[in-house]
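Novice: Mind looking over this structure? Questions follow.
The values are calculated or read from the model by the stated rules, or taken from the named source; none is laboratory data. All of these numbers come straight from a predicted model, not from anything done at the bench. Methodologically, a virtual Cβ is constructed for each residue, glycine included, from the backbone with ideal geometry; neighbour enumeration extends over all protein chains shown.
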Amino acid sequence: VIAFFQPKSLRGRRVLVTAGPTFEAIDPVRGITNHSSGKMGFAIARAAREAGADVTLVAGPVHLPTPRGVRRLNVVSARDMLAACEPAAQSADVFIATAAVADWRPASASDQKIKKDGSGQTPQLSFVENPDILHAVAQSERAQRGDLFCVGFAAESHDLVAHAQAKRARKGVPLLVGNIGPAAFGQDDNQLLLVDEAGVHELPRASKLNLARQLVADIARRMAG
Ligand code: CTP
Ligand code: CA
């Protein structure tokens with residue numbers, strides 16, 4: 001009933017969202033990942049769709065239902081996520097990076113299961129840095145021209161404001177959304193801090209869907225203004 005009265009603030013806009021963790025293989029049966037639930041990103045995809053946008057959701061491995069009317073691309077690794085985002089970003093108006101992308105992956109994944117050899121020796125893993133998807137998209141020509149509005153997320157355990165401001169500058173994005181994590185991981189509610197050029201604005205604790213709707217409305221206003 002309420003939906004009927006909602007203004008379609010993103011009608012005609014294309015929104016690209018990343019969500020969930022990535023999974024970086026060690027061998028065919030193991031890998032490294034993190035505890036991101038994907039809930040915030042899925043809520044944002046849903047809210048953007050409700051606001052009338054054409055939404056593509058690039059999701060790492062999570063067991064969440066696809067929001068109605070949203071195009072979902074499932075990926076596993078950070079490199080898969082980048083490969084899915086690059087073409088989609090070419091026609092998007094908004095990019096919202098909520099994914100908890102693994103910062104590193106094993107330097108080489110074994111194509112066979114690594115076996116214990118009975119000697120008690122442990123595998124010596126080395127890591128390489130994954131591509132920074134948000135940074136790459138934010139540096140693209142379309143984003144630099146102002147045709148693609150990029151939004152980053154940051155979960156910090158301490159000094160949220162300082163870290164979020166530094167991250168916003170480092171990523172080169174107009175808007176960085178901070179939350180205190182991993183407290184928010186898997187929870188149904190959250191509390192957000194919107195950091196932009198002008199300063200800091202808090203969205204008080206609420207459900208992730210409620211916050212997603214507020215954030216989407218805020219992004220729509222920024223695009224209209
Ligand atoms: N991000 C990304 N690709 C990566 C790492 C991060 O797209 N390889 C995005 C996240 O989706 C998020 C933002 O960048 O929107 C910040 O992620 P975060 O992990 O907080 O920042 P990092 O730059 O990885 O720094 P650190 O983890 O050391 O705090
Ligand atoms: Ca990181």
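Novice: Is it true that some residue in region 93-116 is over 14 Å from the mean Cα position of the chain (by Cα), modelled with pLDDT of 95 or more, away from ligand 2 (no atom under 13 Å from the Cβ) and under 29 Å from ALA220 (Cβ atoms)?
Specialist: yes
Novice: On to the next question. Please count how many residues of region 140-162 are under 30 Å from SER91 (Cβ atoms) and surrounded by 10 or more Cβ atoms within 10 Å (Cβ to Cβ).
Specialist: Summing the residues that are under 30 Å from SER91 (Cβ atoms) and surrounded by 10 or more Cβ atoms within 10 Å (Cβ to Cβ) in region 140-162 gives 13.
Novice: Test LEU203 against the criterion of being among the aliphatic types (A, V, I, L, M), closer than 18 Å to ALA155 by Cβ, free of Cβ contacts under 8 Å to residues at least 24 places away in the same chain and not in a helix (DSSP H, G or I), and give yes or no.
Specialist: Yes.
Novice: With the condition kept exactly as written, say whether any residue in region 130-139 is exposed (fewer than 15 other Cβ atoms within 10 Å of the Cβ), within 13 Å of ligand 1 (Cβ to nearest atom) and over 24 Å from ILE44 (Cβ atoms).
Specialist: no
Novice: Of the conditions (1) of a type in the set (Gly, Ala, Ser); (2) farther than 21 Å from ALA155 by Cα; (3) surrounded by 14 or more Cβ atoms within 10 Å (Cβ to Cβ); (4) out of contact with any strand residue (DSSP E or B) (no Cβ under 6 Å at 6 or more places or on another chain), GLY31 satisfies every one except a single condition; which number is it?
Specialist: The one condition GLY31 does not meet is (4).
Novice: Ok, one more. Does region 33-51 contain at least one residue that is more than 16 Å from ligand 2 (Cβ to nearest atom), small (Gly, Ala, Ser) and closer than 19 Å to ASP132 by Cα?
Specialist: The answer is no, given that none of the residues of region 33-51 is more than 16 Å from ligand 2 (Cβ to nearest atom), small (Gly, Ala, Ser) and closer than 19 Å to ASP132 by Cα.
Novice: While we're here: Is it the case that some residue within region 104-120 is within 14 Å of ligand 1 (Cβ to nearest atom) and either surrounded by fewer than 20 Cβ atoms within 10 Å (Cβ to Cβ) or in contact (Cβ under 8 Å) with a residue 60 or more places away in the chain (or both)? Before you say what the answer is, go through the steps one by one.
Specialist: If we filter region 104-120 for residues that are within 14 Å of ligand 1 (Cβ to nearest atom), which is where we start, we get 104-105.
Remaining after also requiring either surrounded by fewer than 20 Cβ atoms within 10 Å (Cβ to Cβ) or in contact (Cβ under 8 Å) with a residue 60 or more places away in the chain (or both): 104-105.
The answer is yes; a qualifying residue exists.
Novice: May I ask you to list the residues in region 131-149 that are in a helix (DSSP H, G or I) and either touching a Gly at 6+ places or on another chain (Cβ under 6 Å) or aliphatic (A, V, I, L, M) (or both)?
Specialist: If the condition is that a residue be in a helix (DSSP H, G or I) and either touching a Gly at 6+ places or on another chain (Cβ under 6 Å) or aliphatic (A, V, I, L, M) (or both), then ILE133, LEU134, ALA136, VAL137, ALA138, ALA143 are the ones that fit.
Novice: Scanning for something farther than 17 Å from LEU148 by Cβ, in contact with a strand residue (DSSP E or B) (Cβ under 8 Å, 6 or more places away or on another chain) and not in a loop (DSSP other than H, G, I, E, B), does region 107-124 turn up at least one residue?
Specialist: no
Novice: If you don't mind, another one. Filter region 172-198 for residues that are loosely packed, with under 14 Cβ neighbours inside 10 Å, free of Cβ contacts under 8 Å to residues at least 60 places away in the same chain and more than 22 Å from ALA143 (Cβ to Cβ) and give the result.
Specialist: Applying the first criterion (loosely packed, with under 14 Cβ neighbours inside 10 Å) to region 172-198 yields 183, 186, 188-189, 197-198.
Narrowing further to those that are free of Cβ contacts under 8 Å to residues at least 60 places away in the same chain: 183, 189, 197-198.
Residues satisfying the conditions are ALA183, ASP189.
Novice: Sort out which residues of region 89-104 are within 30 Å of ARG46 (Cβ to Cβ) and assigned to a strand (DSSP E or B), and write them in order of number.
Specialist: Listed by number, the residues that qualify are VAL94, PHE95, ILE96, ALA97, ALA100.
Novice: Quick test of your reading of the structure: GLY172 fulfils all but one of (1) out of contact with any helix residue (DSSP H, G or I) (no Cβ under 9 Å at 6 or more places or on another chain); (2) within 12 Å of ligand 1 (Cβ to nearest atom). Name the failing condition by number.
Specialist: Answer for GLY172: the failing condition is (1).
Novice: When VAL128 is evaluated against the numbered criteria (1) farther than 27 Å from ALA217 by Cα; (2) assigned to a loop (DSSP other than H, G, I, E, B), which criterion, by number, is the only one it fails?
Specialist: Going through the list (1) farther than 27 Å from ALA217 by Cα; (2) assigned to a loop (DSSP other than H, G, I, E, B), VAL128 breaks only (2).
Novice: I need a count of the residues in region 166-196 that are in a loop (DSSP other than H, G, I, E, B) and either small (Gly, Ala, Ser) or at pLDDT 95 or above (or both).
Specialist: Summing the residues that are in a loop (DSSP other than H, G, I, E, B) and either small (Gly, Ala, Ser) or at pLDDT 95 or above (or both) in region 166-196 gives 7.
Novice: I'm trying to understand the selection: among the residues of region 61-84, which are part of a helix (DSSP H, G or I) and within 16 Å of ligand 2 (Cβ to nearest atom)?
Specialist: Selection gives ALA78, ARG79, MET81, LEU82.
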